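The values are calculated or read from the model by the stated rules, or taken from the named source; none is laboratory data. Not measured: the values here are computed from a predicted model. When we count neighbours, we look across all protein chains shown, and the Cβ atoms used for this are built from the backbone with ideal geometry, even at glycine. Remember, those area values only see protein heavy atoms, side chains included, never the ligands or the DNA or RNA. Shrake-Rupley method; radii C 1.70, N 1.55, O 1.52, S 1.80 Å.
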Amino acid sequence: MRFCVIYGFLICAAITLAADGQTEAGKAVIDFADPAVLRQIAPSSAQVTVARAEGVDVTIAPGKESYPGIAIKPVGGKTWDLSAFGDVVAAVANTGKTPINLSLRVDNEGPWQDQPWSTESISLKPGESGRIKVIFGYSYGHKPAFALKSGAVTQMLLFAGKSGQEQSFRIKSIVAAGVAGEKPPVDPQSVRVEPEAGYLVGGKVVLDAEKQLAVTGGVKAENVAGSNALAIDVPAGTKGESSLAIKPKVGRWDLRFGSEVHIALKNTGAEPIAPAARIESNGGPTDTITLSAPLASGAQGELVIPFAPKVVWQGIPDSGNRTSWNGQPNTGTRFTSDTASSVVILLPGGQKDQSLIVESIRLEAPPAQIPDWLGKRPPVAGDWVKTFDDEFDGNAIDATKWNVVGKNWYDHQSRFVKENTIIGDGVARLHFEKRLGNWASEADGKQTPYATGFLDTFGKWTQRYGYFEARMKLPRAPGLWPAFWMMPDRGAASKTDRGSTANGGMEFDVMEHLTRWGPGRYNIAMHWDGYGKDHKQTGTSNIYVQPDAQGYITAGLLWTPGLAVYYCNGREVLRWKDPRIASVPCDLMFTLPMGGWDNNALDDKKLPDDFVIDYVRCWQRKDLVEKAAASGR
């Protein structure tokens, strides 16, 4: 599960601002002409030195500090009252010989778990100047964040990143500007449009041909009079392949609540026609789909474009010595369903005129067709024995199998408490809610604003190799991070390396989901060699599936020596063959924190919400038991 924490806050995004070095009109927060200005500035460590110049010069020596920089305090230890303004702008310059990434953070008082600050960043080349603009209440690309109290700013931080080379920068000015309640401008490309009743074309959707259509190769396209369909003509003598791209009126289509797009076509010409189509997105395209046979004159047909790829993601063989997210060429997909930029219809040229009508383009989410064997056995043949089974049919958790509390290494804002793992109606629910309280399992007993459920088998059940499966219903509230995963457990006798992913251990993320992606997409990943400088990983965040008729997905991992194959609803979705695949037994884990690396902000108004687990079942193959025993582990 990937995360990055800096000074106790997440900083997985940045914004680059105009590099003109100009001072904003407004109120100077720092008087750089004051000979005593350095009294307001505190370096973060001995790596950092400061000096007066045309402003303040900051020099950062190479070292181990991850985010070296300075803290700037108000005169007399008071707070700044910037309530008349909407932002703070720092004019800075890179005075060093290497590129530098600078961040400006504006702070309130408060526990770090609340992330009581607003932050933005800028990247500067040697000699380059620029401005970092922090709008109160927004962070990391001017996204909504902590509701900063501009009348009580306690400090400002300016910091860079860890580097093996000297870094230096000059602060020319720090100015409070803008108007109270300022909001960032809306980038048209950031707008996400959900199709009305699922329709991109047709239904009640009226296309703006001038804004939404782009053609190549002489294709002509226009709205059909009296309907919301689209007429396409390919003139005789057109050579090669022509195309028509249909775009949203603004931004991108948000297709995350579907799993495929259906294009209804009618051939209105005299000649057969064989169109193809794909969907483009910020991440990349879907596969190109072609009709199984040319559409005859007067005939109707439908192109169905699934988000899932034709060829599942396959890891690069013998790549266990490095990180690789790309997989083998021509496997998997980079399509991102929440950033669909266009539907592209491809049309072959010919010696005669060709015509067709696009009657509709609509988003669909048909339920998965579940094979009869699912949940009854592993997906491959063998002498299998069931080794773990919890149907959650009782009214209480089975304490011989599960732990319901543990340490939260992930969002640091939710605590795992036993009462939020709820058993009933044949399921286990990890219940995420806003409820302030102390985390009794933490030594310092810190408070967190949220409570959530937790399940793992650490110290109670482990297995090396086999098949591991769970049927789950994902939460919908924005900002949640449910996962079914497995971690090494060498037993109490191993002491310090018991749960380490080094020395043959591995983290298996069987199903790791961010709710912003919608219910039909999740991440599969493998992590090994620890989480420090030797950390390596592989996998993909573009696993597309269709929930079943009850809204559940059934995810599984087939783990054998040197091979990991992942399944969903009985269909293979990812495969990696490599000698580095784990050889250390693993326990099972189910977690529901907030956050993640590509999520929306948590929306308290959509809480509470549940991660529902219908069953957990595991199998072992007889020959795998023998191989595990022979390994001596």
- Which residues in the stretch 204-225 have a backbone N closer than 15 Å to a point placed 7 Å from the Cα of Glu302 along the Cα-to-Cβ line? none
- Among 604-610, 72-78, what's the highest-first ranking by average C-beta atoms within 10 angstrom per residue? 604-610, 72-78
- Task: Mind checking the full-extension length gain between Ala492 and Glu391? Use 0.36 nm per residue of separation minus the Cα-Cα distance, one decimal, nm.
- Result: 33.6 nm
- Semi-axis lengths, Å, the chain, gyration tensor of Cα atoms, sqrt of 5 times eigenvalues: 44, 38, 23
- Query: When the chain is fully extended, how far beyond the present Cα-Cα distance does Val380 get from Lys434, taking 0.36 nm per residue of separation?
  - Reply: 15.2 nm
- Would you mind getting the accessible area per residue of the stretch 102-219, heavy atoms of the protein chains only, 1.4 Å probe, in Å²? 45 Å²
- log10 of Debye I(q)/I(0), alpha-carbon scatterers only, for the stretch 30-159 at 0.11, 0.22 Å⁻¹: -0.39, -1.52
- Note on the structure: Taking a crude spin-label model, label points 7 Å out from Cα along the C-beta direction, the Val250 to Gln550 distance in nm is 4.3 nm
- May I ask for the distance between the Cα centers of the stretch 56-111 and the stretch 448-526, given as a whole number of Å? 37 Å
- In Å and from the alpha-carbon atoms only, list the Rg and Dmax of the stretch 86-194. 15.0, 48
- Residue by residue, what Karplus-based ³J(HN,Hα) values in Hz, rounded to whole numbers, does the stretch 339-351 have, using 6.51, -1.76 and 1.60 with θ = phi - 60° and x for Gly and Pro? 9, 6, 9, 6, 9, 10, 9, 9, 10, x, x, x, 7
- Note on the structure: CD proxy, 222 nm, the chain: helix-only mean residue ellipticity via -39,500 (n - 2.57) per DSSP H run with n ≥ 4, per residue, nearest 500, stands at -500 deg cm²/dmol
- Item | Accessible carbon and sulfur surface of the stretch 251-392 relative to its total accessible area, %, 1.4 Å | 48 percent
- Message: If you count only protein heavy atoms with a 1.4 Å probe, what accessible area per residue comes out for the stretch 417-491, rounded to a whole Å²?
- Response: 36 Å²
- From largest to smallest, what semi-axes in whole angstrom does the stretch 326-431 give when each is the square root of 5 times an eigenvalue of its alpha carbon gyration tensor? 47, 23, 17
- Please give the per residue accessible area of the stretch 524-573, computed with a probe of 1.4 Å over protein heavy atoms only, in Å². 29 Å²
- Message: Using the Karplus curve 6.51 cos²θ - 1.76 cosθ + 1.60 with θ = phi - 60°, what ³J(HN,Hα) values do you get for each residue of the stretch 499-504, in whole Hz, with x for Gly and Pro?
- Response: x, 6, 8, 8, 6, x
- Query: For Gln165 and Arg322, what is the calculated FRET efficiency with R₀ set at 25 Å and r taken between the beta-carbons, to the nearest 0.05?
  - Reply: 0.55
- Item | Reachable lysines, given that their alpha-carbon falls under 23 Å from the alpha-carbon of Lys247 and they are not under 8 places away in the same chain | Lys204, Lys211, Lys220, Lys266
- Along the positive direction of the dipole of the stretch 301-372 (beta-carbon charges: Lys, Arg +1; Asp, Glu -1; about the Cα centre), which of Trp313, Leu346, Trp325 reaches farthest? Trp325
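Between Arg39 and Lys204, what FRET efficiency comes out of the Förster formula 1/(1 + (r/R0)^6) with R0 = 51 Å and r the beta carbon distance, rounded to 0.05?
0.20
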- Pop the C-beta distance of Glu182 and His262 into the FRET formula with R0 = 30 Å and round what comes out to the nearest 0.05. 0.10
- For the pair Tyr531 and Ala51, how long in nm is the line joining their label points, each one 7 Å along Cα→Cβ? 4.1 nm
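How many lysine pairs does the stretch 99-180 hold where the Cα atoms are under 24 Å apart and the two sit 8 or more places apart or on different chains?
8
Contour minus end-to-end for Lys78 and Lys239, with contour as 0.36 nm per residue of separation and end-to-end as the Cα-Cα distance?
Stretched fully, the Lys78-Lys239 segment lengthens by 50.6 nm.
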- Note on the structure: Mean Cβ-within-10 Å packing, highest first, puts peptides 137-146, 364-373 in the order 137-146, 364-373
